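Novice: Here you go, one structure.
The values are calculated or read from the model by the stated rules, or taken from the named source; none is laboratory data. Since the structure is predicted, the reported quantities are computational estimates derived from the model, not experimental observations. All Cβ positions, even for glycine, are placed from backbone atoms using ideal geometry, and neighbour counts span all protein chains on display.
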Amino acid sequence: MATVDTLRFATAGSVDDGKSTLVGRLLHDSKSVLADQLEAVRRASRGEGPDLALLTDGLRAEREQGITIDVAYRYFATPRRRFILADTPGHVQYTRNMVTGASTAELTVVLVDARNGVVEQTRRHAAIAALLRVPHVVLAVNKMDLVGYQEGVFEEIAEEFAKYAIELGVPEVTAVPVSALAGDNVVEPSARMDWYGGPTVLEHLETVPVAAGPADAPARFPVQYVIRHGERRYYAGQVASGVLRVGDRVTVHPSGETSEIAGIDVLGTPAGAAHASQSVSLRLTDQRDIARGDLITAGVDAPTLTQDVRAAVCHLADRPLATGDRVLLRHGTRTVRAVVRDLGGADRLAVNDLGRIVLRTAEPLPLDDYAVSRRTGAFLLIDPADGATLTAGMVALTAPV
Ligand SMILES: Nc1nc2c(ncn2[C@@H]2O[C@H](COP(=O)(O)OP(=O)(O)OP(=O)(O)O)[C@@H](O)[C@H]2O)c(=O)[nH]1
């Protein structure tokens, strides 16, 4: 599958920590941007359908309507792997950019300036990585040239960050001492830091295991379109997670009706199975009343059908969100009305605030925990007045508020 050798990653750092320099160094020293490879990456990501998941898709669609998200996607490849980099500016007010960039990333590179060590922004970046459940975090301790390439400086920063990240529940941190400017440990191992025995940034990016196989995730298919062809109906959309196979018993939500997959078409060609992020159309063995916005699922891990949504949130809009606000909630291909019941004790959320929320929706939604599925466990809140994106949410149904 195309996703196996593609790593999506994001960068985060405060202004002037050296993000642009690091990315430039990575591209330059790895001599990675070969035209034909670039084309191959494009084709691969096209094959997977739109390559960014719900949060990002939603935000991109809303971009003109309210807020500016400065995320540039760069595609590059080395002989060992393809990369999609979500590159975001580091200003304090751009937490929302990091949320967007990291929402689909399998790895985040958090930069710190070796002279400053772990600062408030670094803690925030670690918190967001934990919130978004980015599986791998790289701590790049940059500008080692300005601290005499001292092992002690690196060790102290790496330890402080690791302690903090573990408390937050970040599953894995790899710390690398680098000088983006001089090129130490970015692509080539540094002769000036022979005390360091770990991988360079690029080596780590090339070898880190790509997220737990999509096959493990529950099978989820949000219906984007219903295509009528004579008597037959085809349900088109993008597989959000897991694998659907011909012959699978499926349940349609919210109706709860069941059927069986009679056929799968991938780009007009019949296929035996459809994997996460493939755009496909399904045919079922029974006539069912299925509409855009419905969710087709297979397997034993059923989503929870509920009108009470508990979630972790990052507020993205300049206008605040308050208890009692009436909003639209977009989940997959479905949009429903909802009211904000509780904001974890806070009166309101301001731009860039991270918080907790309880919402009551007008209709039941089939939800997964974000921990189970980063696609079907995510949603956006939208202002019904003008369609502007307000808040990104990560479902945590059993979490306390
Ligand atoms: N000495 C030294 N300077 C560095 C290093 N990396 C970056 N710099 C310098 O630090 C300054 C900021 O680097 P940038 O790459 O522009 O910083 P940034 O984090 O990308 O900033 P934004 O993208 O604007 O948020 C520039 O003057 C770089 O030349 C390094 O490893 N050593």
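Novice: Do you know which of the residues in the stretch 147-156 that are closer than 16 Å to Leu111 by Cβ and either exposed (fewer than 14 other Cβ atoms within 10 Å of the Cβ) or more than 12 Å from the ligand (Cβ to nearest atom) (or both) is farthest from the chain's Cα centre (by Cα)?
Specialist: For the stretch 147-156, the residue satisfying everything is Val153.
Novice: Going by the conditions given, is Pro270 over 23 Å from the mean Cα position of the chain (by Cα) and more than 19 Å from Leu244 (Cβ to Cβ)?
Specialist: No, not satisfied.
Novice: Could you check Glu159 against (1) modelled with pLDDT of 85 or more; (2) surrounded by 16 or more Cβ atoms within 10 Å (Cβ to Cβ) and say which number it fails?
Specialist: Answer for Glu159: the failing condition is (2).
Novice: If I go through the stretch 344-372 residue by residue, how many of them are crowded, with 22+ Cβ neighbours inside 10 Å and touching a Lys or Arg at 6+ places or on another chain (Cβ under 8 Å)?
Specialist: 5
Novice: Moving to a separate point now. Please enumerate the residues belonging to the stretch 172-196 that are within 15 Å of the ligand (Cβ to nearest atom), out of contact with any Lys or Arg (no Cβ under 8 Å at 6 or more places or on another chain) and outside any loop (DSSP other than H, G, I, E, B).
Specialist: Once the filter is applied, which keeps residues that are within 15 Å of the ligand (Cβ to nearest atom), out of contact with any Lys or Arg (no Cβ under 8 Å at 6 or more places or on another chain) and outside any loop (DSSP other than H, G, I, E, B), the stretch 172-196 yields Val176, Pro177, Glu188, Arg192, Met193.
Novice: Right, next: Can you tell me which of (1) in contact with a Ser or Thr (Cβ under 9 Å, 6 or more places away or on another chain); (2) away from the ligand (no atom under 16 Å from the Cβ); (3) at pLDDT 75 or above is the one Val41 doesn't meet?
Specialist: (3)
Novice: Also, quick follow-up: Is there a residue being buried (at least 19 other Cβ atoms within 10 Å of the Cβ) and in a loop (DSSP other than H, G, I, E, B) anywhere in the stretch 251-274?
Specialist: No, that holds for no residue.
Novice: Considering (1) within 23 Å of Glu257 (Cα to Cα); (2) touching an Asp or Glu at 6+ places or on another chain (Cβ under 7 Å), say which one Arg334 fails and leave the rest.
Specialist: Of everything listed in (1) within 23 Å of Glu257 (Cα to Cα); (2) touching an Asp or Glu at 6+ places or on another chain (Cβ under 7 Å), Arg334 misses just condition (2).
Novice: Another question, then. Can you report the number of residues in the stretch 329-339 which are crowded, with 17+ Cβ neighbours inside 10 Å and free of Cβ contacts under 8 Å to residues at least 40 places away in the same chain?
Specialist: Going through the stretch 329-339 one residue at a time, the tally reaches 1.
Novice: Condition (residue is assigned by TED's automatic domain parsing to the domain that holds Ala273 and either polar (S, T, N, Q) or more than 23 Å from Tyr235 (Cβ to Cβ) (or both)) applied to the stretch 283-296: is it met by at least one residue?
Specialist: yes
Novice: What residue, among those in the stretch 275-292 that are surrounded by 19 or more Cβ atoms within 10 Å (Cβ to Cβ) and farther than 12 Å from Glu260 by Cβ, is modelled with the lowest pLDDT?
Specialist: Ser277
Novice: Additional query: Counting only residues that are within 6 Å of the ligand (Cβ to nearest atom) and closer than 22 Å to Pro189 by Cα, which one in the stretch 11-27 is surrounded by the fewest Cβ atoms within 10 Å (Cβ to Cβ)?
Specialist: Among residues in the stretch 11-27 that are within 6 Å of the ligand (Cβ to nearest atom) and closer than 22 Å to Pro189 by Cα, the one surrounded by the fewest Cβ atoms within 10 Å (Cβ to Cβ) is Ser20.
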